[in-house]
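Report on one structure; see the data block that follows.
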Amino acid sequence: MQEIYILKNKWFNNEIDKIVSTGMSKADIARHLDVAPQYLNSLVSGARNITDQFLDKFIEIFNINQFDLLYNNNTNDIQAN
């Protein structure tokens, strides 16, 4: 079960990095998700688990293809160690 958590966390961090690379700050991302920046940072750092409900909200708000979580073009980036 922990491997799923690792995969979700790596995928989430990769998506956050993609969004940040477009010029949006993590504070802006948090605002769009209606969460405190500290909460977002705790998810990114792995201090908190990412719930499926939060991922659903994240995917919907940022219009991310939900199947990218399962089928990433670069699977080496999200494999659990």
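The values are calculated or read from the model by the stated rules, or taken from the named source; none is laboratory data. This one's a predicted model, so the numbers in the text were calculated from it and none came from an experiment. When we count neighbours, we look across all protein chains shown, and the Cβ atoms used for this are built from the backbone with ideal geometry, even at glycine. Note: areas computed on protein heavy atoms with side chains; ligands, DNA, RNA excluded. Shrake-Rupley method; radii C 1.70, N 1.55, O 1.52, S 1.80 Å.
In a fully extended conformation the segment linking residue 24 and residue 64 would gain 12.9 nm over its present Cα-Cα distance, using 0.36 nm per residue. For the set 52, 34, the ranking by accessible area, highest first and with no ligand, DNA or RNA atoms included, is 34, 52 under a 1.4 Å probe. Give me log10 I(q)/I(0) at q = 0.17 Å⁻¹ for the range 1-47, Debye formula, one equal scatterer per alpha-carbon, no solvent. With one equal scatterer per Cα and no solvent, log10 I(q)/I(0) is -0.49. Report the accessible area of residue 21, computed with a 1.4 Å probe over the heavy atoms of all protein chains in place, in Å² rounded to the nearest 10. Ignoring ligands and nucleic acids, residue 21 comes out at about 100 Å².
Spacing of the modelled spin labels on residue 56 and residue 35, each 7 Å from Cα toward Cβ, amounts to 1.5 nm.
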